[in-house]
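I have placed the structure first, in the form of structure tokens, so that the comments after it can refer back to it.
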Amino acid sequence: MEKFDEATQKELATFLEREQAQAKAHSTIHTLTTMCWDKCITGTPSTRFARGEESCLANCVERFLDTSLFMVKRIEQQREQAAFSGVGA
Amino acid sequence: MSDFLKGSLSSSTSPADMAVKKEQIMNSVRQEIALINAQELMNKSTDRCFSKCVTKPGSSLSNSEQTCIGNCMDRYFEAFNIVSRTYTSRARTARLEAQ
């Protein structure tokens, strides 16, 4: 049994890594879609979005990402404060 | 599904065969990911549209329920595209800032 040459192996590894990252992003987008759909689409769906629904969806994604960043920052601040006052490490 | 894992290259594999084999692997990975993505979209939209449009299940789907489901599916796909666009552009900006 022969294997792929080193260059091909490397190429495949890079390819798989990229595909994996993309699949992960897709799964996040699916989760965000359902979450924001539940928040923004309140009426009965018609042939087009109701007023404000489109911008609500975009805002929903932006604010979710803000929330995620905010929480990371907050935890970091709390850790710094704790370390400063000598309570925790 | 993962045929490429079972198939091994024979000892007489030429570089051209190897390139073909490589392409096959890449394509089946792409296809499988696309399939999972489509299934996910179908499952989620069915879920959402069923609860939105079929509030009191009768002996069959009424005309108005069918219209609602059709519209709902179209809007759900559109919502997915909006979310995807917003998320991707935000991710791109973050990556550029990190550099």
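Averaged over peptide A:9-15, the number of partner chain Cβ atoms lying within 10 Å of each residue's Cβ comes to 2.
Using Cα pairs under 8 angstrom and six or more residues apart, how large is the relative contact order of chain B, in percent? Don't jump to the answer; show the numbers that get you there.
On the way: 20 pairs, mean separation 21.1, N = 99.
Normalised by residue count, the contact order of chain B is 21 percent.
What you get for the stretch A:1-77, charging only the Cβ of Lys and Arg (+1) and of Asp and Glu (-1), is a dipole of about 460 debye around the Cα centre. In summary, the aspartates and glutamates within cross-link reach of A:K39, defined as a Cα separation below 16 angstrom excluding same-chain residues under 8 places away, comprise A:E53, A:E54, A:E62, B:D47, B:E78.
Which net charge results for the neighbourhood of B:R75, defined as the other residues with beta-carbon distances under 15 angstrom from its beta-carbon, given Lys and Arg at +1 and Asp and Glu at -1?
On the way: positive: A:K39, A:R48, A:R51, B:K44, B:R48, B:K52; negative: A:D38, A:E53, A:E54, B:D47, B:D74, B:E78.
Every neighbour counted, the sum reads 0.
In this calculation the C-beta distance from A:E62 to A:K24 is compared with R0 = 22 Å, giving a FRET efficiency of 0.65.
Placing unit charges on C-beta atoms (Lys and Arg positive, Asp and Glu negative, everything else neutral), compute the dipole magnitude of the protein assembly as shown about its Cα centre in debye, rounded to 20. Could the numbers behind the result be given before it?
Working: 24 positive and 23 negative charges, 121 e Å.
Approximately 580 debye in magnitude.
Taking Cα atoms only, the orientation of helix B:63-98 departs from the longest principal axis of chain B by about 50 degrees.
Could you tally up the Lys pairs in chain B with alpha carbons closer than 25 Å? Skip any pair fewer than 8 positions apart unless they're on separate chains.
On the way: B:K6/B:K21; B:K6/B:K22; B:K44/B:K52; B:K44/B:K56.
Total qualifying Lys-Lys pairs in chain B comes to 4.
Centre-to-centre, using Cα atoms only, the stretch A:52-89 and the stretch B:36-81 are separated by 34 Å.
Peptide A:33-44 has a mean of 5 when you count, residue by residue, the C-beta atoms of other protein chains within 10 Å of its C-beta.
Rounded, prolate or oblate for the stretch B:3-98? Axes are the square roots of the Cα gyration tensor eigenvalues, ordered a ≥ b ≥ c, and the cut-off for rounded is a/c under 1.5.
On the way: a/c = 4.70, a/b = 1.78, b/c = 2.64.
Judged from the Cα gyration tensor, the stretch B:3-98 comes out oblate (a/c at least 1.5, b/c at or above a/b).
Rounded to the nearest 10 degrees, the angle from helix B:15-53 to the longest Cα principal axis of chain B is 10 degrees.
In terms of other Cβ atoms within 10 Å, B:V83, B:V20, B:V54 run from fewest to most in the order B:V20, B:V54, B:V83. Tally Lys and Arg at +1 and Asp and Glu at -1 over the other residues with C-beta under 14 Å from the C-beta of A:A13: what net charge comes out? Net local charge, A:A13 excluded: -1. State whether the protein assembly as shown is rounded, prolate or oblate according to the following rule on the C-alpha gyration tensor (a ≥ b ≥ c being the square roots of its eigenvalues): a/c under 1.5 gives rounded; otherwise a/b larger than b/c gives prolate, and the remaining case gives oblate. Taking the square roots of the gyration eigenvalues as a ≥ b ≥ c, the protein assembly as shown is oblate.
All of the numbers you see were taken from the coordinates with simple rules; none came from a lab. All values derive from a computational prediction rather than experimental measurement. No Cβ is skipped: glycine too gets one built from the backbone with ideal geometry, and neighbour counts run over all protein chains shown.
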